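Some notes on the structure that comes next.
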Amino acid sequence: MFISVLDLFKIGIGPSSSHTMGPMVAAKDFRDRIQAFVVSHPMPSFLQVRCTLRGSLAFTGKGHATDRAVTLGMHQHTPQGLAKLNVNELFQKLWQQNTIQISESTLIHFNPPEDIIFDRGEPLPEHPNGMIFQLLDETGKTLLTETYFSIGGGFITTLPEIGQIVAPIKMEAISSCDFPFDSANQMMKMSADSGLSVAAMKRSNELGRINETQLNAGLDAVWNAMRTCLENGLIAEGRLPGGLNIKRRAHSLYQQLQDNPHKANLNDWLCAYAMAVNEENAAGHMVVTAPTNGAAGVIPAVIYYAVKHENATLEQVRDFLLVAGAIGGLIKHNSSISGAEVGCQGEVGSASAMAAAGLCAIKGGSSEQIENAAEIALEHHLGMTCDPVGSLVQVPCIERNGFGAIKAYTAASLAIRGDGQHFMSLDNCIAAMKQTGLEMSVKYKETSLGGLAVSITEC
């Protein structure tokens, strides 16, 4: 099993990897398909694009800016390309347009308020995050169509491809990796047999595809984006968009800690750092999926604490990301990182397990201790629902990242003081998360139909 650390950690924009970044990528892909289609087929004088959102995308797409994402993607924008732009200003301009220029001679009607449809009927059977794109003529006849699924972490797949997807990634041949572990037990055995650390094995797998200079540059770019996002969040003030009128708190908390560092503890710092990231995500600014946007604050917070308070080096940051990527790949392969599939246990739970493993590794933990750290962190997120209030990635998401970071640090500390031997394996814990997600009501899987999302008393 192989999924690149540079695919798992994507630089993009908020507020959601599955509901913002994925739909944007899908929309751009469909636009590209239209461009190829019109040059090889006779076209009528009138063409129109329609996008129908299904399942979780329909229920929480408004709060997660899915319509904004589709609009931006149809105008050829990508999440990474927007990371340093004023997205709100750009979107307002595009939202007013009702056409897309495909070529010099081809203009397509696309009026986002009318042509992006939130269909709250039954979700598509293949996945809860479905999108159907259509190119129509003046009679409403479909000339070209594609169905996409946003499968978590900014990844997408099409209807023909989804049958080849395994929970939910495309599999590559085992021969493509030096260390093709697809379970934690295999990871530990390969480490013991080779004498290599988890970070070294993951690095070796990555170097089968890109050279070391490219890999290090990619890891450094991920860390720099994480750090920039976090530090931007520490200085930003005001209220978050969306209608809940939520006040940013990371700046005030950080100021208190700086003014009275002798009264600050580990939990205070981790919460300030994690909340800073997720407030930036909620504002729609640059963020790194880690492994999702809703859980984007956990890993940066733990790394930032290690760098600022424990003098972690750049090489250790790279190893942290490699180990976190290895654990995230196992979870994505054997379960899911999508809140729409398994609830928030798959988002913040996965991020906490990844962070715990990375921290344990740079503190000198063995492969067994790294596995133990990931298991402890994931175990104590099992059953966590995804029930965002107002369909926004704000309550309880922002605070939840702080607690995920705290659990990650605690898990790493427990594991590093043990010998790596423990009762519940990470593989079993991942399997439990998957089964819990399958049995979890759809109300608690990013639809805002239950839990906190419907527990507000309006005054």
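Highest mean packing comes first when the peptides 293-300, 410-417, 210-217 are listed by Cβ atoms within 10 Å, giving 293-300, 410-417, 210-217.
With N counted as the residues of segment 1-83, its alpha-carbon radius of gyration over 2.2 N^0.38 Å works out to 1.25. Using a Förster distance of 30 angstrom, determine the FRET efficiency expected from the C-beta separation of residue 88 and residue 207, and round it to 0.05. Here the calculated transfer efficiency is 0.15. Angle of helix 212-235 to the longest C-alpha principal axis of the chain, folded into 0 to 90 degrees and rounded to 10: 90°.
Along segment 409-422 the Karplus relation, 6.51 cos²θ - 1.76 cosθ + 1.60 evaluated at θ = phi - 60°, assigns HN-Hα couplings of 5, 5, 4, 5, 5, 5, 5, 5, 8, x, 9, x, 8, 7 Hz to successive residues, with x for each Gly and Pro. By the Kirkwood approach, averaging reciprocal distances over each pair of separate Cα atoms, segment 379-421 gets a hydrodynamic radius of 12.1 Å.
One decimal place: the segment residue 141-residue 441 gains 104.3 nm when fully extended, by the rule 0.36 nm per residue minus the C-alpha distance. Peptides 6-16, 124-134, ordered by how many other C-beta atoms sit within 10 Å of their residues on average, highest first, read 6-16, 124-134. Each 10 Å bin from zero up to the one holding the largest Cα-Cα distance in segment 317-386 carries the following percent of pairs: 26, 52, 20, 2. Using the alpha-carbon positions of segment 17-166, Rg (one decimal) and Dmax (whole number) come out as 14.6, 42 Å. Taking R0 as 22 Å, what's the FRET efficiency between residue 109 and residue 29 from their Cβ-Cβ distance, rounded to 0.05? E(calc), rounded to 0.05, equals 0.65.
Sorted largest first, the spans of the alpha carbon positions of segment 126-261 along the three principal axes are 61, 60, 29 Å.
For segment 321-459, the Kirkwood estimate of the hydrodynamic radius, built from every pair of different alpha carbons, is 14.9 Å.
Helix 250-259 axis versus longest C-alpha principal axis of the chain: approximately 30°, rounded to the nearest ten.
In this structure, the residue pairs whose Cα-Cα separation is over 20 Å, taken from 28/93; 202/363; 28/443; 10/202, are 28/443. Which whole-number percent of Cα pairs in segment 174-454 have a distance greater than 31 Å? I get 23 percent for the Cα pairs in segment 174-454 exceeding 31 Å. Distance distribution note for segment 359-439: the fraction of Cα pairs above 21 angstrom is 37%.
Could you work out how far helix 184-194 tilts from the main Cα principal axis of the chain, as a 0 to 90 degree angle to the nearest 10? So the inclination is approximately 60 degrees. Mean residue ellipticity at 222 nm, helices only, the chain: -15000 deg cm²/dmol; runs of at least 4 DSSP H residues each add -39,500 (n - 2.57), and the sum is divided by the number of residues. Peptides 141-152, 101-112, ordered by how many other C-beta atoms sit within 10 Å of their residues on average, highest first, read 141-152, 101-112.
All of the numbers you see were taken from the coordinates with simple rules; none came from a lab. Owing to the predicted nature of the structure, the values given are computational and were not obtained by experimental measurement. Please note: Cβ atoms are built from the backbone with ideal geometry, for glycine as well, and neighbour counts cover all protein chains shown.
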